[in-house]
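**Q** Here you go, one structure.
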Amino acid sequence: MEVIALLTDFGTEDYYVGSVKGVILSINPNARLTDITHDIPPQDIEAGAFTLFASHSTFPAQTIFLAVVDPGVGSARRPIVVQAEDYFFVGPDNGLFSYLYGTTHQSFHVTNEKYFRHPVAPTFHGRDVFGPIAGYLSKERKPSVFGPAIEDEVRLPPLSLTRMADHVWHGRIIHIDHFGNCITNISREALNERREAGARLTVKQKTITSFKNFFTEDDGDQELFAVWGSAGFLEIAALKRSAAEILKAKRGDLVTLEVE
Amino acid sequence: MEVIALLTDFGTEDYYVGSVKGVILSINPNARLTDITHDIPPQDIEAGAFTLFASHSTFPAQTIFLAVVDPGVGSARRPIVVQAEDYFFVGPDNGLFSYLYGTTHQSFHVTNEKYFRHPVAPTFHGRDVFGPIAGYLSKERKPSVFGPAIEDEVRLPPLSLTRMADHVWHGRIIHIDHFGNCITNISREALNERREAGARLTVKQKTITSFKNFFTEDDGDQELFAVWGSAGFLEIAALKRSAAEILKAKRGDLVTLEVE
Amino acid sequence: MEVIALLTDFGTEDYYVGSVKGVILSINPNARLTDITHDIPPQDIEAGAFTLFASHSTFPAQTIFLAVVDPGVGSARRPIVVQAEDYFFVGPDNGLFSYLYGTTHQSFHVTNEKYFRHPVAPTFHGRDVFGPIAGYLSKERKPSVFGPAIEDEVRLPPLSLTRMADHVWHGRIIHIDHFGNCITNISREALNERREAGARLTVKQKTITSFKNFFTEDDGDQELFAVWGSAGFLEIAALKRSAAEILKAKRGDLVTLEVE
């Protein structure tokens, strides 16, 4: 089995996704193409990084993730292959794989152009560079054939809180999902179960003190509440409504956490 | 061949669909994942039930349908496996499978937690409960291993008309499709071909008396017309326009049927 | 390997795509279904033709393309199978395959109804006519079994420019993509590299004289620029913005090209 999981900001209405799939199947007819999403907001590297981070670990070992959110397509930014955990990641070196870099990962700068589709269109490396690399990688999992190892990958700022005072942290909304839940960067490490009792979140001048285990758990009439999300982060949610709409929140908005 | 067909309200922009696919492929690398849709309106059980009902019967026997529209995720509502016709259905017991229950179906309450992905996130049973069940079910089709048989599944009201007078029925719009066609709950049983001649539909104060066999059939200058849809129900349509927009109709709107 | 690539205007929110996939898998369990797109604008044959044209050639030889953008569904328009290049195309004869017709292609009018799914719904030939044809074709690649050869396929106007004067051509925007790039019908044949130097594009009263190789190439402060797109046509783009929004452009808009 050679699973290749696709994550892009291509949208689904153009010929882009089809072209990439065709290229891969032409190189490796046994590849099993699986769509994670093609609806990352255009050129939003951070959203792509988060989505890849939150979804990858359910996939079988040896899965190849082809991730293309690539505002610098055609420029000198490097195409890379990353081996991390039990997986492979193929895409541009622009921070997209930031949250996957651990102590034992290895990255390779793809310089060997014999693995590209020629002529390479400077506006579509998904089809002519990254798709072919993923296809060849799925046939023989040796990332070193593509080019030299590197250690200076581009990295996004980490997903951690900023301590402002003794009991006060600043975080932010890192993702707003399809249901309007606002996913913050507050993790269990930052806020353990014990301290939840007296904790208080402030977002866009609204204060949230209700912590639930699941969405429909009864907790009086609170319009907004917090719930631990499935990616390991605290989410701000509303019952059968969009919390993001109530808050008029957008990704990046400040979240203040106070504990007792 | 182990086809698993997916239907959810997860949308396509988050990590949710990818996570579910990864889990299934990790359990059964031979599963053939097929997307029906992930664009059921958020938490709209009735829309999910209709879509599943209208699409399932084209699939090969033994197909497993993984259907997750689950506003009560994390609460006490039961995860179930249903065996009906020649198919299996996995999802929450909230009415989603209502239109598939016949005289010979069997349902099982999934209580055996060894088939879950642990720890189970109370907000994402698609990944941690239903996905794994579908994966294991695809390896060995014995739904009884998951838990006890049940007979009291939650059911939506049936898709039938209400008789108001001798020649008058009340129905409703049960789905508005991508093209703006308004699918009603008027079936061939309720309105046979003979009676169509003098029939009259009233929706949102507009009266429709034109019955066509296909969209571009010539029938004078009627703005709106009725046509038998591919799911076996009468649809209200407009030529190369959205009937829903013309009518400002939404799902649930009353449709009055009068025959002579 | 039996790749069947799907392109439709069905959207992704209804039961339509799932129904077609189920039908194909019921006929040929070994078919490998691959989505190109289901988001062609409703009934927009030209957009479907362009997308198919721009994506098909990356696919492996023998791929079957099932393309359904079919405003005339149910009417007398012909279902056809086209063999072109190393590929097969299945869909309605309404111009959808126009850009694929070359000197050696062969087309067949599908008249043999034993390959249909019965009863055929006059509103859903994707499920009852085209899907089944694609399924059977994938089992045995003999398009002549479906019906007689034809040579009078419906064709869209070609994707070429109109010469207005010695150094002036009229073209048009043939597609606006997910990023807001406006793809014109100006090809390399019409505008070679040498002549680019003094060329000038005018669209919606804006003049564009900047020609870039890739989106982020530095070229002063030009709001709008032209770039050669991955389908072989000149595109009008803007840096990290939607050129279509800036121009308030829509498909079909006039593009004037002047060269020195």
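The values are calculated or read from the model by the stated rules, or taken from the named source; none is laboratory data. Remember, predicted model here, so these are calculated numbers, not experimental data. Quick reminder, even Gly has a Cβ in these numbers, built from the backbone with ideal geometry, and neighbours come from all protein chains shown.
**Q** Just checking, does the stretch C:204-226 include any residue being hydrophobic (A, V, I, L, M, F, W, C) and touching a Cys at 6+ places or on another chain (Cβ under 7 Å)?
**A** No - not one qualifying residue is present in the stretch C:204-226.
**Q** Now for a separate question. Tell me whether the stretch B:17-32 contains one or more residues that are of a type in the set (D, E, K, R), more than 15 Å from residue B:90 (Cα to Cα) and either modelled with pLDDT of 95 or more or in contact with a Pro (Cβ under 8 Å, 6 or more places away or on another chain) (or both).
**A** Yes, that holds for at least one residue.
**Q** For residue A:78, all conditions in the list (1) basic (Lys, Arg); (2) more than 14 Å from chain C (Cβ to nearest Cβ); (3) under 26 Å from residue C:64 (Cβ atoms) hold save one; what is the number of the exception?
**A** Tallying (1) basic (Lys, Arg); (2) more than 14 Å from chain C (Cβ to nearest Cβ); (3) under 26 Å from residue C:64 (Cβ atoms), residue A:78 fails exactly one: (3).
**Q** Right, something else. Can you tell me which residues in the stretch B:44-64 are of a type outside the set (Gly, Ala, Ser) and either outside any loop (DSSP other than H, G, I, E, B) or more than 7 Å from every other protein chain (Cβ to nearest Cβ) (or both)?
**A** Taking the stretch B:44-64 first, the residues of a type outside the set (Gly, Ala, Ser) are B:44-46, B:50-53, B:56, B:58-60, B:62-64.
Within the stretch B:44-64, B:44, B:45, B:46, B:50, B:51, B:52, B:53, B:56, B:58, B:62, B:63, B:64 meet the criteria.
**Q** Ok, one more. Which condition breaks for residue B:122 when tested against (1) in contact with a helix residue (DSSP H, G or I) (Cβ under 8 Å, 6 or more places away or on another chain); (2) closer than 21 Å to residue B:45 by Cβ?
**A** Of everything listed in (1) in contact with a helix residue (DSSP H, G or I) (Cβ under 8 Å, 6 or more places away or on another chain); (2) closer than 21 Å to residue B:45 by Cβ, residue B:122 misses just condition (1).
**Q** Might you check whether a residue that is under 18 Å from the mean Cα position of the chain (by Cα) and not small (Gly, Ala, Ser) occurs anywhere in the stretch B:106-127?
**A** Checked against the condition, which is being under 18 Å from the mean Cα position of the chain (by Cα) and not small (Gly, Ala, Ser), the stretch B:106-127 yields no hits at all.
**Q** May I pose another question? Scan the stretch C:197-223 for residues that are in contact (Cβ under 8 Å) with a residue 40 or more places away in the chain and surrounded by fewer than 18 Cβ atoms within 10 Å (Cβ to Cβ) and jot them down.
**A** Passing the criteria: C:197, C:198, C:200, C:202, C:204, C:206.
**Q** A further question follows. Would you confirm whether any residue within the stretch C:189-209 is under 28 Å from residue A:20 (Cβ atoms) and at pLDDT 90 or above?
**A** no
**Q** Quick check on the stretch B:51-85: of everything there that is in contact with a helix residue (DSSP H, G or I) (Cβ under 7 Å, 6 or more places away or on another chain) and of a type in the set (Ser, Thr, Tyr), which residue is nearest to residue B:40 (Cα to Cα)?
**A** Filtering the stretch B:51-85 for residues that are in contact with a helix residue (DSSP H, G or I) (Cβ under 7 Å, 6 or more places away or on another chain) and of a type in the set (Ser, Thr, Tyr), the one nearest to residue B:40 (Cα to Cα) comes out as B:55.
**Q** Report, by residue number, each residue of the stretch C:228-260 that is surrounded by fewer than 20 Cβ atoms within 10 Å (Cβ to Cβ) and outside any loop (DSSP other than H, G, I, E, B).
**A** Result: C:241, C:245, C:246, C:254, C:256, C:258.
**Q** To continue, here is another question. Tell me the strands (runs of 3 or more DSSP E) entirely within the stretch A:133-191 that contain at least 1 residues that are in contact with a Leu (Cβ under 8 Å, 6 or more places away or on another chain).
**A** On the way: elements: A:162-165, A:168-176, A:182-187.
By residue number, A:168-176, A:182-187.
**Q** Among the hydrophobic types (A, V, I, L, M, F, W, C), under 19 Å from residue B:230 (Cα atoms) and surrounded by fewer than 21 Cβ atoms within 10 Å (Cβ to Cβ) - does that describe any residue in the stretch C:60-71?
**A** The answer is no; no qualifying residue exists.
Table: residues versus (1) assigned to a strand (DSSP E or B); (2) touching a Ser or Thr at 6+ places or on another chain (Cβ under 6 Å); (3) within 11 Å of chain B (Cβ to nearest Cβ).
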position: C:3; (1), (2), (3): yes, yes, no
position: C:19; (1), (2), (3): no, yes, yes
position: C:22; (1), (2), (3): no, yes, yes
position: C:26; (1), (2), (3): no, no, yes
position: C:32; (1), (2), (3): yes, no, yes
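**Q** Next up: Which of the numbered conditions does residue C:172 fail, given that it passes all the others? Conditions: (1) in the same structural domain as residue C:14 (by TED's automatic domain parsing); (2) basic (Lys, Arg); (3) touching a residue at least 60 places away in the same chain (Cβ under 8 Å).
**A** (1)
**Q** A further question on this structure: Please count how many residues of the stretch B:44-98 are without any contact (Cβ under 8 Å) to a residue 12 or more places away in the chain and closer than 21 Å to residue C:21 by Cα.
**A** Result for the stretch B:44-98: 1.
**Q** Mind listing just one residue for me: the one in the stretch B:68-91 that is among the small types (Gly, Ala, Ser) and modelled with pLDDT of 95 or more and, of those, farthest from the chain's Cα centre (by Cα)? Walk me through how you get there before you give the answer.
**A** Just the residues of the stretch B:68-91 that are among the small types (Gly, Ala, Ser), to begin with: B:72, B:74-76, B:84, B:91.
Within this subset, residues satisfying the condition of being modelled with pLDDT of 95 or more are B:84, B:91.
Values: B:84: 15, B:91: 13 Å.
Among those that are among the small types (Gly, Ala, Ser) and modelled with pLDDT of 95 or more, it is B:84.
**Q** For the stretch B:181-199, does any single residue satisfy the condition of being among the acidic types (Asp, Glu) and in contact with a Lys or Arg (Cβ under 6 Å, 6 or more places away or on another chain)? So that I can check it myself, show each step before the final result.
**A** Within the stretch B:181-199, the first condition is being among the acidic types (Asp, Glu), and the residues that meet it are B:189, B:193, B:196.
Those left that are additionally in contact with a Lys or Arg (Cβ under 6 Å, 6 or more places away or on another chain): none.
For the stretch B:181-199, residues among the acidic types (Asp, Glu) and in contact with a Lys or Arg (Cβ under 6 Å, 6 or more places away or on another chain): absent.
**Q** In the list B:156, B:191, which residue meets the criterion of being outside the structural domain of residue B:252 (by TED's automatic domain parsing), under 23 Å from residue B:235 (Cβ atoms) and surrounded by 15 or more Cβ atoms within 10 Å (Cβ to Cβ)? Please lay out each step first, then the result.
**A** On the way: B:191 fails: outside the structural domain of residue B:252 (by TED's automatic domain parsing).
Answer to the selection: B:156.
**Q** Turning to a different aspect of this structure: All but one of (1) within 14 Å of chain B (Cβ to nearest Cβ); (2) under 19 Å from residue A:169 (Cβ atoms); (3) within 24 Å of the chain's Cα centre (by Cα) hold for residue A:211; state the number of the condition that does not hold.
**A** Among (1) within 14 Å of chain B (Cβ to nearest Cβ); (2) under 19 Å from residue A:169 (Cβ atoms); (3) within 24 Å of the chain's Cα centre (by Cα), residue A:211 violates only (3).
**Q** When only residues in the stretch B:99-115 that are free of Cβ contacts under 8 Å to residues at least 40 places away in the same chain and surrounded by fewer than 18 Cβ atoms within 10 Å (Cβ to Cβ) count, which is farthest from the other protein chains (Cβ to nearest Cβ)?
**A** B:103
**Q** When you go through C:41, C:71 one by one, which is the residue that is within 14 Å of chain B (Cβ to nearest Cβ), outside any strand (DSSP E or B) and farther than 20 Å from residue C:132 by Cα?
**A** C:41 is the lone residue from the list that is within 14 Å of chain B (Cβ to nearest Cβ), outside any strand (DSSP E or B) and farther than 20 Å from residue C:132 by Cα.
**Q** Can you report the number of residues in the stretch A:5-17 which are buried (at least 24 other Cβ atoms within 10 Å of the Cβ), facing another protein chain (nearest Cβ under 7 Å) and in contact with a strand residue (DSSP E or B) (Cβ under 6 Å, 6 or more places away or on another chain)?
**A** Residues flagged as buried (at least 24 other Cβ atoms within 10 Å of the Cβ), facing another protein chain (nearest Cβ under 7 Å) and in contact with a strand residue (DSSP E or B) (Cβ under 6 Å, 6 or more places away or on another chain) within the stretch A:5-17 amount to 1.
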